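Just below is one structure, and these are the notes that go with it.
The values are calculated or read from the model by the stated rules, or taken from the named source; none is laboratory data. From a predicted model like this one, the values you see are computed outputs, not experimental measurements. We place every Cβ from the backbone using ideal geometry, glycine too, and count neighbours over all the protein chains shown.
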Amino acid sequence: MRQIREADIRPPHLEAEARRLAEADARRLLLQRHEFVSVDCPACRSADAVPQFEKGGFDFRECRRCGTLFISPRPTAALLQVYYAEAEGAKFWNRHVFPASADIRRERIFRPRLRLVADVTVGRPVDTLVDVGAGFGWFAALCVEEGLARRVIAVEPNPELADSCRRTKAVEVIEAPIEECHDLLAADVITCFELIEHLFDPFDLLRACRQGLRRGGLFICTTPNWAGFDVALLRARSDNVAGPRHLQLFTPRALRGLLERVGFGEVVISTPGQLDVDIFRNKIVGDIFGAAELPFFGRLIRDGSPEFRHDLQQLLQRHGLSSNMMAVGRALAEGAPVARGDR
């Protein structure tokens, strides 16, 4: 099977329009910059952070303690709620980009994600699985299709996306934030994909996920990795570094610490990303990042064979170096010891 490419999930002609709209949305939000608030590190709460760069009118800082990159000052939670409700870029993604890439996203992103979750839960009966921020419901639908859980619940507060989730009749849909419904769940597994980087304070959502799990239940999330290959090389030139869409990018150490602070134990971090090498090569080919900036390695990525790029991507995955990371944590009993470990 051909390796997935960035263009497969972000068709260039649609991506360009989505980017134009998102930049206009950000400019409108920046007119309210006087209402932005300064924050400490959203992972470890340290006030010891240093300025890194400005991009698109947003100031990015890096925590000295855990390495998290975050925007500060940032829009308040109330401003973000209005922004996401009105953002034309987000609407364009939901109405055009995601539907145009639906088939390949299902088969090359969500089905592998399903296999990862199945591997984590093997030998463990799953009565109730909850997908938080379920989007179009593709992952929840696959869970039903593959019989991963007896009961599958999609938690999706966006009315348009919640309606999409309802088209899978066997999926229960809760059209509300997880913070408002965690006491209804008692789940064995809660998943949360590509969401916590968007939130004013991810602690509140993560705590609600912890409260929505049965004792010993598993929480599984994915999010960009600030210490991962393409993001670490591109830095401000990375598309993952984009305000206000991505308010924070965690490192593996930071994400583990955040989950432990919420009350998860036995936290394991892996990096199953598939696109690092292709993304970095596209930046070189598009003259966003000059191959001469890394004279040997840049040319190797640009001119190397597809087999070489595939092998390099596999290496990044195996050694925790991809820019997409997955965390798995267990809901511990109160006062239970926290086990440290990583792979």
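Structure data summary
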item: Unique match (being farther than 17 Å from ARG210 by Cα, touching a Cys at 6+ places or on another chain (Cβ under 9 Å) and part of a loop (DSSP other than H, G, I, E, B)) among GLY123, GLY135; result: GLY135
item: Those helices (runs of 4 or more DSSP H) lying entirely in the stretch 232-323 with at least 3 residues β-branched (Val, Ile, Thr) and at pLDDT 95 or above; result: 276-285
item: Test: residue in the stretch 12-28 that is at pLDDT below 95, outside any helix (DSSP H, G or I) and closer than 25 Å to LEU161 by Cβ; result: no
item: Test: residue in the stretch 224-235 that is crowded, with 23+ Cβ neighbours inside 10 Å, touching a residue at least 24 places away in the same chain (Cβ under 8 Å) and β-branched (Val, Ile, Thr); result: yes
item: ARG61 crowded, with 18+ Cβ neighbours inside 10 Å and not in a helix (DSSP H, G or I); result: yes
item: Qualifying residue in the stretch 187-194 (condition: within 20 Å of the chain's Cα centre (by Cα) and either part of a helix (DSSP H, G or I) or on the phi > 0 side of the Ramachandran plot (or both)); result: yes
item: Test: residue in the stretch 206-220 that is out of contact with any Gly (no Cβ under 8 Å at 6 or more places or on another chain), over 18 Å from ALA327 (Cα atoms) and surrounded by 22 or more Cβ atoms within 10 Å (Cβ to Cβ); result: no
item: Flag if SER323 is surrounded by 21 or more Cβ atoms within 10 Å (Cβ to Cβ), out of contact with any His (no Cβ under 8 Å at 6 or more places or on another chain), under 17 Å from GLN3 (Cα atoms) and not aromatic (Phe, Trp, Tyr); result: yes
item: So GLU194, is it in contact with an Asp or Glu (Cβ under 7 Å, 6 or more places away or on another chain), surrounded by fewer than 20 Cβ atoms within 10 Å (Cβ to Cβ) and modelled with pLDDT of 95 or more; result: no
item: Pick from the stretch 64-100, criterion among the basic types (Lys, Arg) and over 28 Å from LEU259 (Cα atoms), ranking: surrounded by the most Cβ atoms within 10 Å (Cβ to Cβ); result: LYS91
